[in-house]
1. Taking residue B:355 as the residue in question, decide whether it is surrounded by fewer than 21 Cβ atoms within 10 Å (Cβ to Cβ), part of a helix (DSSP H, G or I) and among the β-branched types (Val, Ile, Thr).
2. Among residues belonging to the stretch B:117-132 that are farther than 16 Å from residue A:67 by Cβ, more than 26 Å from the chain's Cα centre (by Cα) and hydrophobic (A, V, I, L, M, F, W, C), point out the one that is nearest to the other protein chains (Cβ to nearest Cβ).
3. For residue A:74, state whether it is over 24 Å from residue A:38 (Cα atoms), modelled with pLDDT of 95 or more, assigned to a helix (DSSP H, G or I) and not hydroxyl-bearing (Ser, Thr, Tyr).
4. Test residue A:106 against the criterion of being within 14 Å of chain B (Cβ to nearest Cβ), in contact with a helix residue (DSSP H, G or I) (Cβ under 6 Å, 6 or more places away or on another chain) and either in contact (Cβ under 8 Å) with a residue 40 or more places away in the chain or surrounded by fewer than 15 Cβ atoms within 10 Å (Cβ to Cβ) (or both), and give yes or no.
5. Can you tell which of B:47, B:64, B:39, B:71 is loosely packed, with under 15 Cβ neighbours inside 10 Å, in a loop (DSSP other than H, G, I, E, B) and in contact with a Lys or Arg (Cβ under 9 Å, 6 or more places away or on another chain)?
6. Within the stretch B:196-218, can you find the residues that are buried (at least 24 other Cβ atoms within 10 Å of the Cβ) and modelled with pLDDT of 90 or more?
7. Considering each residue of the stretch B:164-194, count those that are assigned to a loop (DSSP other than H, G, I, E, B) and either in contact with an Asp or Glu (Cβ under 7 Å, 6 or more places away or on another chain) or not hydroxyl-bearing (Ser, Thr, Tyr) (or both), and give that number.
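The values are calculated or read from the model by the stated rules, or taken from the named source; none is laboratory data. The model shown is predicted, which means the values in this text are computed figures rather than measured ones. Cβ sites come from the backbone with ideal geometry, for glycine too, and all protein chains shown count toward neighbours.
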Amino acid sequence: MNAPNQIPYRILVTKVGLDGHDRGSRIVAAYLRDAGMEVIYTPPWQSLDAVVRLAGDEDVDLVGISSLSTDHLIIPDLMSRLTAADLTHVRVVVGGIVPDEEYPLLLESGVSAILGPGTDRGTIVEQISGFAAAARHERDTEFI
Amino acid sequence: MRRRTNPASTDLYDQAHAQWEKEYDQNIHSKVPVQNRSGIPIQPLYGPTRDSAENYLEALGFPGQVPYTRGIYTTMHRGKTWSQRQLIGQGTPDEYNKRVLQLIDAGTTAISLIPCNSVYRGNDCDDVPLPLLGTCGTVINTADHMDSALKGVDIGSISTAMNDPSPFTLLSFVLNTADRRSISWQHISGTSNQSDFLSHFVANHMFFRLSLEGARRILVDHIAFCRQRIPHWNPLSVVGQHMQQAGATPAQAMGFTLSSALQYGRDCLEHGMDPDDFLPRFTFFFDISMSLFEEVAKFRAGRRIWANLTQNELGAKTAHARRFKFHGQTSGADLTRQQPLNNITRVSTQAIAGILGGLQSLHTDAYDEVSNVPNEHPARIAVATQNILREEAGLCDVIDPLGGSWYVEDLTDQMEKKILNVMAVVENEGVCSRPSNRDWFSA
């Protein structure tokens, strides 16, 4: 999905909080890898600080977080920590089970999109590369 | 239709069959081969296969007789219907208590408790982000919490399943609650759900934070303690549900589960326990997908294999020790978030498959599980689904009603072969006994 001669988008695929259901994150990581992106994959149970540190150290364009129980509830906190770490250009996309009434909580905190059950592979790749492109652009213009 | 040896075979029979086959080929629009989730080709029609009662006893037997293919109890659901055991757990102990009393009121006959993920992971509740506490299970950190959660629940008569991979923490709280209420441990019944650490390591990843070797030793100690002190407690539930939900086919899930159970049985033998004492307390927990006939065949084949394994591999002498008792849960992975009410139909179909498959206990998913932890109304519908199937559909009238169906008997044989093939690989590779090899069935 990258333009020719472009450095592939770098995506961190992870899970925060306490849940260990990692099938979704593994599948999405494979989708993104197969689409030509560079995927940094972690096991579940990452602390928010670990995610922020990884996002910075690995110079990622986007953090994809899979949440299947209720771990999405701490994502607003993650958004603040990313901002505090001066990683405002990094986009965050959430996948998995988020109750309808909690979509605003995430979107208003700065999450770019929530990709729920039934989202097909093409849409996932398209959305992620779109947001990653925006993040890359923002990062590059910031440095100019 | 597959041609097989048939005593009734006559010229007329062959003629009629050939005519059907010809007309079928002429009239069928799609020539795309059909196969089930386990990869078994499915024919459009099945005919007589078992030539007489000759191998009936060996392959099927009567209900309550080995190999239990037709059911582990003499009367099955006609005598005692399955337990309605809905998995629940959310919020504080008091909130859990309110929900459990509602479910008992709605007709549920056995309860379960899902603890907060912090308990699951062995975290102190002070160590985890506050917004997560109690959002995906009940916060049960002390015996007081358990006492409140079970207020008004007669734990001396109702069976309680504790989802606890540790696997003894919640049980110890239950026993303490029993002591406070002067209820003898002799009357405490239920199951340590999720005590099958192998399934967590390979598929579910909700395990307690122990090494594989440590978990293995603790499980054996736990089984030994329960056998000595809590006679009606099932210390082990071997879980195929995790693997099937994580992508295993029904045949693979059954094969992995039986292999794990065999490993646990061997560990108990090594510990000096008597198979006729511990095996009757082994239980199983399976996913029930939308593939109705395949699921029925999976359970029938599972019973037959386990009856043979317990005798041949674990040295069980009593018939009782060779019973394959299982809880079934309808498949969350088969539900859709779009048009969620359709999930009620899916859950009903899956529940029917489990009931026809001869389960002992059933959880029906709420239709909103694709969006959130179930709300009260969908949870009530899930319980009502079981009530309707039990009371109105006549599903309990006949034992193993699909037994003798040419298709189901054939499929049972084929599923058995598939499962045994999976188990042979697991055995050869030492997947269950050597942790480094677990990736072979890792999801």
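1. Working: surrounded by fewer than 21 Cβ atoms within 10 Å (Cβ to Cβ): no; part of a helix (DSSP H, G or I): yes; among the β-branched types (Val, Ile, Thr): yes.
For residue B:355, the condition - surrounded by fewer than 21 Cβ atoms within 10 Å (Cβ to Cβ), part of a helix (DSSP H, G or I) and among the β-branched types (Val, Ile, Thr) - is not met.
2. Applying the filter and picking the extreme gives B:130.
3. Details: over 24 Å from residue A:38 (Cα atoms): yes; modelled with pLDDT of 95 or more: yes; assigned to a helix (DSSP H, G or I): yes; not hydroxyl-bearing (Ser, Thr, Tyr): yes.
In short, yes.
4. On the way: within 14 Å of chain B (Cβ to nearest Cβ): yes; in contact with a helix residue (DSSP H, G or I) (Cβ under 6 Å, 6 or more places away or on another chain): yes; either in contact (Cβ under 8 Å) with a residue 40 or more places away in the chain or surrounded by fewer than 15 Cβ atoms within 10 Å (Cβ to Cβ) (or both): no.
The answer is no for residue A:106.
5. Details: B:47 fails: loosely packed, with under 15 Cβ neighbours inside 10 Å; B:64 fails: loosely packed, with under 15 Cβ neighbours inside 10 Å; B:71 fails: loosely packed, with under 15 Cβ neighbours inside 10 Å.
Checking each option against the conditions leaves just B:39.
6. B:196
7. So in the stretch B:164-194, the residues assigned to a loop (DSSP other than H, G, I, E, B) come out as B:164-168, B:181-184, B:188-189, B:194.
Subsequent filtering for residues that are either in contact with an Asp or Glu (Cβ under 7 Å, 6 or more places away or on another chain) or not hydroxyl-bearing (Ser, Thr, Tyr) (or both) retains B:164-165, B:167-168, B:181, B:183, B:188, B:194.
Within the stretch B:164-194, residues that are assigned to a loop (DSSP other than H, G, I, E, B) and either in contact with an Asp or Glu (Cβ under 7 Å, 6 or more places away or on another chain) or not hydroxyl-bearing (Ser, Thr, Tyr) (or both) number 8.
To keep it simple, each residue is scored yes or no on (1) surrounded by fewer than 16 Cβ atoms within 10 Å (Cβ to Cβ); (2) over 24 Å from residue B:203 (Cβ atoms); (3) more than 10 Å from every other protein chain (Cβ to nearest Cβ).
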position: A:7; (1), (2), (3): yes, yes, yes
position: A:15; (1), (2), (3): no, no, no
position: A:22; (1), (2), (3): no, no, no
position: A:31; (1), (2), (3): no, no, yes
position: A:35; (1), (2), (3): no, yes, yes
position: A:44; (1), (2), (3): no, no, no
position: A:55; (1), (2), (3): no, yes, yes
position: A:61; (1), (2), (3): no, yes, yes
position: A:64; (1), (2), (3): no, no, yes
